[in-house]
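Here's the structure, in structure tokens; my notes come after.
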Amino acid sequence: MENDKHIAILGGGPSGLFMFKRLVESGRTDLVIKIFERKNKLGVGMPYSPEGANDEHITNVSSNEIPQLVTSLADWIKSVPKDTLDKFHIDPSRFNEYKVLPRLLFGQYLTAQFALLQKMASDNGIDYQVYYKSIVTDIIDYPDQQRVVVEINNKEQFKFDHVIICTGHNWPHRHEGKVPGYFDSPYPPVKLALQLDHPVAIKGSSLTAVDAIRTLARYNGTFDKDSNGNLFYQLLDQSPNFKLVLHTRNGMLPAVRFHLEDSHLTNDSLLTEEELAAHIASNDGFLSLDYIFERDFKLPIQAKEPEFYEKIKNMELEEFVSAMMDLRERLNPFQLLKAEYAEAEKSILRKKSVYWKEMLGVLSFALNYPAKYLSAEDMQRLHKSLTPLISIVIAYIPQSSSEEILAMYEAGVLELIPVGDESEIEANDKGGATYHYTDESGQDQAVYFNTYVDCVGQPHLAFEDLPFKSLLSGRTVSPAKIRFRSLEEGKKALANGKEVTLDQNGDYYLKVSGITINDHFQVVDAYGALNDRIYMMAVPYIGGYNPDYSGLDFSEAASAAIIKQLLA
């Protein structure tokens, strides 16, 4: 190991794909790369494999929104066998860069890109090896040797200079498997291939919920088009009492996909890294949420949509969020979906963005990486006000999913109930669950469902949930925490029972989910020292510092930050 740099990529899904691409394109030939993949296929990860999709599931990104890989999606489509295209109802002559694809087909694209990168690696003289059916069971750091050992399948061990953890999504099973009819997530979706003759409780209305809706709908009814070309839904004779009941905190559905002016969520008007660093340095080491809201959201809107800017220019962040949420809360969520569907159709037809919504997505992406510099006060504001709005507006439900949701609503088999922040789900030992909540009239409700599916999306997992026990026992990693700007606020949060710690300098810190990482995704140990051997890209364990961590854009940007440090 003396002359070469030995690197492990743990996980061969989309994050591993972008990390491998960075290494292959680095121009370095002194690399020895080993990729360990739990499944028998590279590129697909969870979302684009049968673990996360059936034939009916589609992406919420189009070809023009995908970060650059080896070949474009439009070019790749031309090489796909006709029987595969026919299976997914794709006409290559009508395909364009604005189309969304079935997720399983998109997974085939990512696998093909990984294969092309492997060929490039060989051509460039890079030594690499792929280990399939290889589950990473432990990671042990040896600082004195400047090495990291990776344990595979509880037995085989490999030694590396650097390890990049790209193990992807993880939905822990709390009740699933023990309680019949109780599902901790809708994945793999084949488990929801159920013919049911009773109402089903769905927690959440995110894209994860849309996945569950698309599957359950097909096993209990059929979609068809009327003489005017409008979609309608009809229950099967065997499922006359089937119904989906969505439960959401605020009683809202996500917004519909529209035309993005900047499909990669970058923007020339955004604060640069240097400007952010200067602001943080002049602000006692903190990033101000109000500052980034003004500079990375309001100001770009001023140039593009001056009328909208005039309405919001004097609004504080909470006031803006309240105005946008009030507008949504006043309308029936399905009527609003219908209106937004029409708005999105116009946007796509005219290739004109709904600019404030686009900038909200840009703001979320721009805020993701420096979010660790927010004060604990601002981090709590972010989660309380801005994050709920962002999660609704930038979910970007594809048109076909919107049509299916509206068809099911018109058929009376899809309902949405606002349950507030204090709702609880009680698993029933005999099966199903009881939903406890206070309804809009203030009445306490306890409604039993034979079948319950948690669809809130990838949970932000705790530090203690990290599956690599030697990293925990060796104190190689530490719980993520955010400093309070005000000692008074820190004391108050501690008195109110929040997870707050006091350090030796007298500063108060709020514990957030996941582990501590730095700007280059290097893990930080219990003593505050960064580790230049271990990088964390596995999204469930960095949610405390990266509130908007999903998607291929994240994989591309995180891999760029890592490669900069790794090969420095």
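Here are a few things to note about the model shown:
- Among the candidates L101, L196, the residue that is at pLDDT below 95, surrounded by 15 or more Cβ atoms within 10 Å (Cβ to Cβ) and aliphatic (A, V, I, L, M) is uniquely L101.
- Test: residue in segment 112-125 that is assigned to a loop (DSSP other than H, G, I, E, B), without any contact (Cβ under 8 Å) to a residue 40 or more places away in the chain, polar (S, T, N, Q) and more than 27 Å from T215 (Cβ to Cβ): no
- Residues in segment 14-40 that are assigned to a loop (DSSP other than H, G, I, E, B) and either touching a Phe, Trp or Tyr at 6+ places or on another chain (Cβ under 8 Å) or of a type in the set (S, T, N, Q) (or both): S26, T29, E37, K39, N40.
- Selection within segment 47-65: residues that are at pLDDT below 95 and in contact with a His (Cβ under 9 Å, 6 or more places away or on another chain). The member of this set that is nearest to L207 (Cα to Cα) is P47.
- The number of residues in segment 465-482 being in contact with a Leu (Cβ under 8 Å, 6 or more places away or on another chain) and either modelled with pLDDT under 95 or crowded, with 19+ Cβ neighbours inside 10 Å (or both) comes to 4.
- Strands (runs of 3 or more DSSP E) wholly inside segment 141-199 that include at least 3 residues being closer than 23 Å to L552 by Cα and of a type outside the set (S, T, Y): 162-165
- Within segment 199-224, considering residues that are surrounded by fewer than 23 Cβ atoms within 10 Å (Cβ to Cβ) and small (G, A, S), the one farthest from the chain's Cα centre (by Cα): G221
- Within segment 336-358, residues that are closer than 25 Å to P300 by Cβ sit with their Cβ atoms under 6 Å from residues that are buried (at least 18 other Cβ atoms within 10 Å of the Cβ) and among the small types (G, A, S), at 6+ positions apart or across chains, in these pairs: E340/A255; V354/S347.
- Scope segment 297-329; condition under 28 Å from the mean Cα position of the chain (by Cα) and assigned to a loop (DSSP other than H, G, I, E, B); matching residues: E316
- Of all the residues in segment 17-57, those that are touching a strand residue (DSSP E or B) at 6+ places or on another chain (Cβ under 6 Å) and of a type in the set (V, I, T) number 3.
Listed here are the residues, each with its yes/no results for (1) touching a strand residue (DSSP E or B) at 6+ places or on another chain (Cβ under 9 Å); (2) under 27 Å from H175 (Cα atoms); (3) crowded, with 19+ Cβ neighbours inside 10 Å.
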residue: V362; (1), (2), (3): no, no, yes
residue: A366; (1), (2), (3): no, no, yes
residue: Y373; (1), (2), (3): yes, no, yes
residue: V393; (1), (2), (3): no, no, yes
residue: E404; (1), (2), (3): yes, no, yes
residue: L414; (1), (2), (3): yes, yes, yes
residue: E422; (1), (2), (3): yes, yes, no
residue: A427; (1), (2), (3): yes, yes, no
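Per-residue answers, yes or no, for (1) within 18 Å of E377 (Cα to Cα); (2) free of Cβ contacts under 8 Å to residues at least 60 places away in the same chain:
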| position | (1), (2) |
| --- | --- |
| V256 | no, no |
| S288 | yes, no |
| F293 | yes, no |
| F297 | no, no |
| F308 | no, yes |
| E319 | yes, yes |
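- The one condition in (1) modelled with pLDDT under 90; (2) over 23 Å from the mean Cα position of the chain (by Cα) that E358 fails to fulfil: (2)
- The listed residue being at negative phi and in a strand (DSSP E or B), out of V456, V477, V523: V523
- Considering segment 470-502, and only residues there that are of a type outside the set (D, E, K, R) and within 21 Å of S288 (Cα to Cα), the residue that is farthest from the chain's Cα centre (by Cα) turns out to be L487.
The values are calculated or read from the model by the stated rules, or taken from the named source; none is laboratory data. Predicted model only: the values in this text are computed from it and were never measured. With ideal geometry, Cβ positions are generated from the backbone for all residues, glycine too; neighbour counts draw on all protein chains shown.
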